[in-house]
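The values are calculated or read from the model by the stated rules, or taken from the named source; none is laboratory data. In this text the structure is predicted, and so the values were computed from the model without any measurement. Every residue, glycine as well, gets a Cβ built from its backbone with ideal geometry; the counts of neighbours run over all protein chains shown.
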Amino acid sequence: MEKIRAGIYGYGNIGKSAEKAIMKSEDISLVAVFTRRDPEKIVTFSGAEAVSADRVYEYKDKIDVMLACGGSATDLPVQVPELVRSFNTVDTFDTHAKIPEYMETVGNIAERSKKTAVISAGWDPGLFSMMRSLFGSVLPDGTDNTFWGPGVSQGHSDAVRRIEGVADGIQYTVPSENILNEIRNGSVCKYTAGQKHRRVCYIVPEENADREKISETIKKMPDYFADYDTEVNFITEHELKRDHHAMPHGGHVFRNGITCNDEKHVMEFFIKLDSNPGFTASVMVAYARAAFRLYKEKNYGAITVLDIPLSYLSSKNRKQLIKELL
């Protein structure tokens, strides 16, 4: 079996989880993790070497796919366009409104450098995107509704931690149970994301930080909080570690549709996650396989989960998949 040589760029929650996911994959080996921290102070789970991010391009010929594990707010839009000049990449860019712009930027560079960049490959965007596409194709006369949570959003938590005066923080997305039940009972209304969810933040402020300014900055942040009922709570570092150390999440994709003779149907896809980064990283690793296979076929540019055959995600070959699953 030809092993895919992987690298991990960014060794936070997603990066560490990606390493553990690779350790469960017989067809993928981890070459190195690249970090902005002091690599000499990092001990990896797998024994792979930790390398300064400044040295990443020394590994251009040693890595088949680079897993870009930074945050969507400020990391990925800068890092991936640079990385894809030298590496095939997989990322989890999750700012939905900016995906077309991001795809164009990354895609143009990837095409010129003859690399494959799988973008926005998490669970939403990612698996949920696939379900919305599938459900809508089956029930074209219908309505989509997506719910996130209850749970920790890594992208939103990363965004609040980057605000001036914030020492640490975490954000929970909480769906409306009333609207969930309305949709399960057949409602075909199209609800906005703000109607379907509220956001709850727990912030550890720096000493003498302006709490009112932090709260206002969070609530007015476009693409993340501005369109939601957002609650901001200030707590201590001890309380954050004691009460908010786990990172659960989950969500639902619904399609309520009508076929001939006004027959009503409800399609639902549901996930419940003990660990948001653990699951997200597992999705990334599956798409690292796809990125490698697409690259071998000279399929260059920015590729999304909607473009990739399901069989490309599996370590099993096509004949095995058909025999076991079809």
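Return the residues of segment 147-182 that are at pLDDT below 95, over 21 Å from D274 (Cβ atoms) and buried (at least 19 other Cβ atoms within 10 Å of the Cβ); say none if nothing qualifies.
Residue satisfying the conditions is A159 alone.
Of the residues that make up segment 49-67, is at least one under 21 Å from Y224 (Cα atoms) and of a type in the set (A, V, I, L, M, F, W, C)?
no
Grab the strands (runs of 3 or more DSSP E) fully contained in segment 147-264, keeping just those with 1 or more residues being in contact with a Leu (Cβ under 7 Å, 6 or more places away or on another chain).
Filter on segment 147-264 gives 166-175, 197-205, 249-259.
For residues in segment 189-204 being of a type in the set (A, V, I, L, M, F, W, C) and surrounded by fewer than 16 Cβ atoms within 10 Å (Cβ to Cβ), which is farthest from I163 (Cα to Cα)?
Top of the filtered list is C189.
For segment 61-116, what are the residues that are over 21 Å from F292 (Cβ atoms) and part of a helix (DSSP H, G or I)?
Listed by number, the residues that qualify are P77, V78, H96, A97, K98, I99, P100, E101, Y102, E104, T105, N108.
Of all residues being under 27 Å from P248 (Cα atoms) and assigned to a loop (DSSP other than H, G, I, E, B) in segment 2-25, which is modelled with the lowest pLDDT? Just the residue, please.
Looking at residues that are under 27 Å from P248 (Cα atoms) and assigned to a loop (DSSP other than H, G, I, E, B), I get G12.
Can you pull out the residues in segment 236-247 that are out of contact with any Asp or Glu (no Cβ under 8 Å at 6 or more places or on another chain) and of a type in the set (A, V, I, L, M, F, W, C)?
M247
Please go through segment 27-67 and give me each residue that is of a type in the set (D, E) and under 28 Å from A246 (Cα atoms), ordered by number.
Hits for segment 27-67 are D38, E40, E49.
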